[in-house]
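Step one of this worksheet: look at the structure below.
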Amino acid sequence: LKAIEVNPGSFMGYNNLGTALGDLLHIEDARQAYITAYTLNPTYLPTIINLAQLEVKLDNHPRGIQLYEQALNLKNITSSYSELIKYYLSHSYLLLGNLEKGWDYYDYGFCALLPKCAWRSLRRFEQPKWQGQINKSIRLLIWREQGLGDEIEFSTCLNELHQSEMNITLECDARLVGIFQRTYPNFKVRPESINKQNLPLFDDFDAHCPVGSLPCYFRRNIKAFDKPIPTWIPEISRTEFIKDKLKNFQHKILVGISWRSGVLKIERNTNYTNLMDWSDLLTQDDLQFVNLQYGDCEEEIVQVEQALGIQILRWPEIDLRNDLETVLALISELDCVCSVGTAVSSIAGSSGVPTLLLLQRSWILLGETDIYPWYPNVKPFVVGHNEHVGLNIKNLRTFIRKRPR
């Protein structure tokens, strides 16, 4: 503000003011500052990007796309800035259902200008990136580059490669090695293997492909999501262990619940709930809830149990964060899973168990609202822009029922 007072015509001053206001979540004030900066200098790239990002935050994707595309046409744009803008554009195109352009641009998510929190990965390779060709003579490495939930959902594209008979090594989250090896027995599956320089520990492949790039080759339109995907099958010993835990509750409808992420930030809070928000469901006599929430939540559960006079099933010997084999077995024995957008919903989707998913409209829906493209057994309950996902909890009851066995 002082800088603008000294120089009222400073487009950089107004741009920086917009950034400061945006960080304080004063979104409309930030927008006005960016508009002023843009009016003063409509070719200043940082302002165009900042204003476009804000329009997207305000759910005005057509205007955001217009600004981004305008930036791509600037004569002074560098290749690095072009890659950055295309990655930002990918989310808007995917949200609006333009999958071809969305996935093509999504692959720019390795741009060096991206903030570290947004990078898909820091891994480096000497081998070339795979371009989607089916060639049995190529040894291909597929590798994880995002969080657990994204890794699981993008892995639904692996079935086409598994059927191709290509020589494929899959590097995944260490917690998923056994599950993926059972699901894709033709693959060599191992945990992520890199050294301190972010280079591969092994040299047993000719080309590589991040798992998040697979939709670019196998999901270029919404019809491509109709292809069958394998259901994750739990280990028999863990299934027997879980069945013993649940045997005294089989007369009720067994419902798994996950209500928040392990990472809470102000700008993400409308995507998550408090356990008490679920009180109307938790007190239904025919429902028995089972905790699937990883992380430190025991105190919250005890408070809700005491306040509502209910019991939420949980077992301290089951590590819901790290023992995904047992988590899969637990979910597979439930009648239904109710969850916000976390890795729990992705595991439930892969298990084939009916899953009710609370979420805001986002790019992950790929332009859909009534279906969840990634899994046929997941039903989305979508709220509007900036609405709290908890608004739809009351609508879940109609869809909770005993699962045919």
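The values are calculated or read from the model by the stated rules, or taken from the named source; none is laboratory data. All figures in this text were calculated on a predicted structure; none of them were measured in a lab. In this analysis, Cβ positions are derived from the backbone assuming ideal geometry, glycine residues included, and neighbour counts consider all displayed protein chains. Keep in mind that these areas ignore ligands, DNA and RNA; they rest on the heavy atoms of the full protein, side chains included. Shrake-Rupley method; radii C 1.70, N 1.55, O 1.52, S 1.80 Å.
Points worth noting:
- Lysines with Cα under 27 Å of residue 136, excluding same-chain neighbours fewer than 8 positions away: 188, 223, 227
- Relative contact order %, region 131-270, counting alpha carbon pairs below 8 Å whose residues are six or more apart: 28 percent
- Summary of packing: across the peptides 358-365, 49-56, 20-27, 273-280, the per-residue average of other C-beta atoms within 10 Å ranks them, highest first, as 49-56, 358-365, 273-280, 20-27.
- Given charges at Cβ of Lys, Arg, Asp, Glu: region 75-127 dipole, positive-most of 90, 105, 79: 79
- For the chain, the mean residue ellipticity at 222 nm estimated from helices alone is -10500 deg cm²/dmol, where every DSSP H run of n ≥ 4 contributes -39500 (n - 2.57) and the total is divided by all residues, rounded to the nearest 500.
- The portion of the accessible surface of region 18-78 made up by carbon and sulfur, rounded to a whole percent, is 55 (1.4 Å probe; DNA, RNA and ligands excluded).
- Proximal charge balance of residue 298 [Cβ under 12 Å; K/R count +1, D/E count -1]: -3
- Once divided by 2.2 N^0.38 Å, the Cα radius of gyration of the chain becomes 1.08.
- Accessible surface of region 221-319, 1.4 Å probe, proportion on carbon and sulfur as whole %: 49 percent
- Beta bridge orientation in the chain: antiparallel %, DSSP, nearest 5: 5 percent
- Averaged over its residues, the chain has an accessible area of 47 Å² per residue, based on protein heavy atoms and a 1.4 Å probe.
- Here the contact order of region 225-329, divided by its residue count and restricted to Cα pairs under 8 Å and six or more residues apart, works out to 34 percent.
- Were the residues from residue 311 through residue 402 laid out at 0.36 nm apart, the gain over their Cα-Cα distance would be 30.8 nm.
- Listed residues 143, 315 arranged by accessible area, highest first, probe 1.4 Å: 315, 143
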